[in-house]
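The values are calculated or read from the model by the stated rules, or taken from the named source; none is laboratory data. On a predicted model such as this, the values are computed, not experimentally measured, just so you know. Glycine also receives a Cβ, built like all others from the backbone with ideal geometry; neighbour counts cover every protein chain displayed.
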Amino acid sequence: MASVLGCLVIAAIVIVLATIAIQILIALLPVLLVIGGMCLVFFIVGGASGGVKEFKKEIAYTQNTVREHMVQFRDDVQRDYHEEMLSMTLQKSGVNFNKLRPEMDSAISVVVSVYHTAMNDDKYKPLITSANDYEGHSERSAHYVGAALDFRIKDMGSLETRKQIAQMVRDNLGNRYTVLHEDIGQENEHLHVQLRNGTYNRNAVWK
């Protein structure tokens, strides 16, 4: 009899505790729902926002990649000017003008003008000894992206005269270009003319 009574007491206590727990859960349910809803909204909005941001980044990256690697073609005026400038020079055998940028046609014009003045001969044709051809250039050389040319200068009078010619070309081209008088006194002495690094897109290919 006593054991039965004890079991009934324990059962009553369990029922009371369960009832209290259920009441507490019911009381907290609205709060839990609000918190859960806020977390869900934050997750959805945050995820969507992050997705949109990543998508925009991907679009921007793709656009930049296309822009940087695009092939650019001379228009008719630029093409005619290019041919005219080449006709005013001589080219060493094997010189390759593939990828030559239009800005380098302008550089040819200046070099030709300076050589005419130095030689006092308006029909003198400077010799281009290298463009995008010689494998001995440095790995990141502007030659390989059509942004540099070498002109023979060793037969242009005395050393003082050659230095003056180099300076005249430098002065006339301005800050957009770099002009170097290289290998002075050697068989390969030449005038190196290139677009200044950082002023052009190395990945753009000109045709």
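Note on the stretch 124-142: residues that are basic (Lys, Arg) and either surrounded by 13 or more Cβ atoms within 10 Å (Cβ to Cβ) or in a helix (DSSP H, G or I) (or both) amount to 1.
Please indicate, with yes or no, whether at least one residue in the stretch 151-164 is within 28 Å of the chain's Cα centre (by Cα), in the same structural domain as ALA107 (by TED's automatic domain parsing) and surrounded by fewer than 21 Cβ atoms within 10 Å (Cβ to Cβ). No, there is no match, as no residue in the stretch 151-164 is within 28 Å of the chain's Cα centre (by Cα), in the same structural domain as ALA107 (by TED's automatic domain parsing) and surrounded by fewer than 21 Cβ atoms within 10 Å (Cβ to Cβ).
Yes or no, residue by residue, for (1) farther than 17 Å from ARG162 by Cβ; (2) outside any loop (DSSP other than H, G, I, E, B); (3) in the same structural domain as HIS190 (by TED's automatic domain parsing); (4) free of Cβ contacts under 8 Å to residues at least 60 places away in the same chain:
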residue: ARG79; (1), (2), (3), (4): yes, yes, yes, yes
residue: HIS82; (1), (2), (3), (4): yes, yes, yes, yes
residue: LEU86; (1), (2), (3), (4): yes, yes, yes, yes
residue: SER93; (1), (2), (3), (4): yes, no, yes, yes
residue: ASN98; (1), (2), (3), (4): yes, no, yes, yes
residue: VAL112; (1), (2), (3), (4): no, yes, yes, yes
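Looking at the structure I just gave you, is VAL145 β-branched (Val, Ile, Thr), modelled with pLDDT under 95 and surrounded by 16 or more Cβ atoms within 10 Å (Cβ to Cβ)? When the stated conditions are applied, VAL145 passes them.
Any residue at all in the stretch 116-123 that is modelled with pLDDT of 95 or more, within 22 Å of PHE97 (Cα to Cα) and not in a loop (DSSP other than H, G, I, E, B)? No, that holds for no residue. Taken over the stretch 111-137, residues that are closer than 24 Å to ARG79 by Cβ and either within 28 Å of the chain's Cα centre (by Cα) or among the small types (Gly, Ala, Ser) (or both) amount to 5.
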